[in-house]
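Computed from the coordinates by the stated procedures, all read-outs in this text should not be read as laboratory data. Note that the structure is predicted; figures quoted are calculated from it, not measured. Neighbour counts are summed over all protein chains in view; Cβ atoms, including those assigned to glycine, are modelled from backbone coordinates with ideal geometry.
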Amino acid sequence: MWNRARALRSGRKPRATSHSTQASAFDPDAWYQTNGEFHAAIHGAAHNKMLAEQIEHLNKRLSPYRRFITFRPGRTDTAMREHEAVFEALLARDGLTASMALRDHVRVLAEDSLALSRSLRF
């Protein structure tokens, strides 16, 4: 995923990076940053002001909990696969597949957010 956000912005296919290389060099801060860049590249490419505003609003509400959601056990591996599916569909200009992959990704994030909210005690 490290090259995915840059590739989406440039329209070029990224260099392949083995998952074993990524796993051995895993850096949570770099992951978090790159994840944000990947999502921002997709949001920007949509050219949809209303969608961008809704995403910004949601991100502001979820930002205090984002790292908890992102680093739940197994979540980064799952997110990598989800991002790969989105990226490949976008690269192939397959709107239907990209749409389904994005919906699946958002659904999983919604489930993770719900799990977080249920775990909070007031």
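Distances between every pair of Cα atoms in segment 30-119, grouped in 5 Å steps from 0 to the bin holding the largest one, split as 2, 12, 22, 28, 21, 10, 3, 0 percent. Each Lys and Arg adds +1 at its Cβ and each Asp and Glu adds -1 at its Cβ; summed about the Cα centre, segment 30-119 shows a dipole of about 360 debye.
Quick check: residue separation of Gln33 and Ser119 times 0.36 nm, minus the Cα distance between them. What number comes out in nm?
Values: separation 86, 0.36 × 86 = 30.96 nm, distance 2.56 nm.
Taking Gln33 through Ser119 to full extension adds about 28.4 nm, to one decimal.
Among 82-94, 58-70, 101-113, the peptide with the highest mean count of other Cβ atoms within 10 Å heads the list, and the full ranking is 82-94, 101-113, 58-70. Extension gain for the segment Ala92 to Phe68, taken as residue separation times 0.36 nm less the Cα-Cα distance, is 5.4 nm to one decimal.
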